[in-house]
Amino acid sequence: MNALAAAGFFILGFGHPGFWFLGAAAESLIVPALAFNKRFQTVVDASERQISSDDSQAKRNSLVQLLPADYKRRLADLERKCEKVLEVYRNAQADEYIIDTNCEALENLKWVYLKLLIARYHLLTAGTEDTPEALAKKVESLQAELANDRDTPALRQSKAATLDILKRRLGNVQRREQSVEEVESDLTRVESQVDLILDNAAMQGKPQTISTDIELASDLVSGGMFGDAESAVADLDRNYSKPHTSGRSATAEHS
């Protein structure tokens, strides 16, 4: 309405310049008033939230496209179950507030699951393909060589330096394998939690809200778990995680 009024004053001003001054005076009163108008503020806030939501969804889709097909299938299966939970609540004619709250909780849970998939993929594809067993054999072999005194001091020094490098590599690979096991355990836990949420939604007579509180075995907040996707994940975390998660907690437990 304000835009139409401004356009009207502008057109009428060609007939009489006084309308331009009248329009300017009107705008000087209307525009400041809009800044404190509740309905106007609600419209602006809703518009900003929609823009932020669209941007987040686009970034999320870009992250999903980085994953291989089997990872995408796991994510799609979880998303279908989450949608089925909401469908059960809608069919039960749950309050809009409960549906919205549960939708937000499930969105956060799906985001945690996606981060776990990204972390697993990065851990398995980053670095060399050497196994802990292979590196351990190299360490044992070099230690055996250093046990004899036939090598020259320079050669022993070189082998000792190589042994130190191999030990550090072995430690890194062992930690990576442990992290992969922790991430896979968390993925299974989230999947089981969604199954429980779906079972509870189908069995309970009165629709309930989905609360949060899963302590993950893997550390998704210290950085370094997502490779090239680290920056994109951090950006989305600011949208998905406020104020629902803290530290290593995640959305999941059904009340």
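Being surrounded by 13 or more Cβ atoms within 10 Å (Cβ to Cβ), charged (D, E, K, R) and either at pLDDT 85 or above or not in a helix (DSSP H, G or I) (or both) is true for just one of Asp151, Asp164. Which residue is that? Explain how you work it out, then say what you get.
Working: Asp164 fails: surrounded by 13 or more Cβ atoms within 10 Å (Cβ to Cβ).
Residue meeting the stated conditions: Asp151.
Residues checked against (1) over 23 Å from the mean Cα position of the chain (by Cα); (2) surrounded by fewer than 17 Cβ atoms within 10 Å (Cβ to Cβ); (3) at pLDDT 90 or above:
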| position | (1), (2), (3) |
| --- | --- |
| Glu140 | yes, yes, yes |
| Val173 | yes, no, no |
| Leu187 | no, no, yes |
| Asn200 | yes, yes, no |
| Lys206 | yes, yes, no |
| Leu216 | no, no, no |
| Gly247 | no, yes, no |
| Glu253 | no, yes, no |
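Consider Leu114 carefully, then state whether it is in contact with a Lys or Arg (Cβ under 9 Å, 6 or more places away or on another chain), closer than 30 Å to Met203 by Cβ, of a type in the set (A, V, I, L, M) and surrounded by 13 or more Cβ atoms within 10 Å (Cβ to Cβ).
Values: in contact with a Lys or Arg (Cβ under 9 Å, 6 or more places away or on another chain): yes; closer than 30 Å to Met203 by Cβ: yes; of a type in the set (A, V, I, L, M): yes; surrounded by 13 or more Cβ atoms within 10 Å (Cβ to Cβ): yes.
For Leu114, the condition - in contact with a Lys or Arg (Cβ under 9 Å, 6 or more places away or on another chain), closer than 30 Å to Met203 by Cβ, of a type in the set (A, V, I, L, M) and surrounded by 13 or more Cβ atoms within 10 Å (Cβ to Cβ) - is met.
Can you tell which of Glu140, Glu181, Glu133, Glu145 is under 30 Å from Lys81 (Cβ atoms) and in a helix (DSSP H, G or I)? Please lay out each step first, then the result.
On the way: Glu140 fails: under 30 Å from Lys81 (Cβ atoms); Glu133 fails: under 30 Å from Lys81 (Cβ atoms); Glu145 fails: under 30 Å from Lys81 (Cβ atoms).
Among Glu140, Glu181, Glu133, Glu145, only Glu181 is under 30 Å from Lys81 (Cβ atoms) and in a helix (DSSP H, G or I).
Residues considered: Ala76, Ala46. Of these, the only one that is at pLDDT below 90 and not basic (Lys, Arg) is Ala46.
The values are calculated or read from the model by the stated rules, or taken from the named source; none is laboratory data. On a predicted model such as this, the values are computed, not experimentally measured, just so you know. Methodologically, a virtual Cβ is constructed for each residue, glycine included, from the backbone with ideal geometry; neighbour enumeration extends over all protein chains shown.
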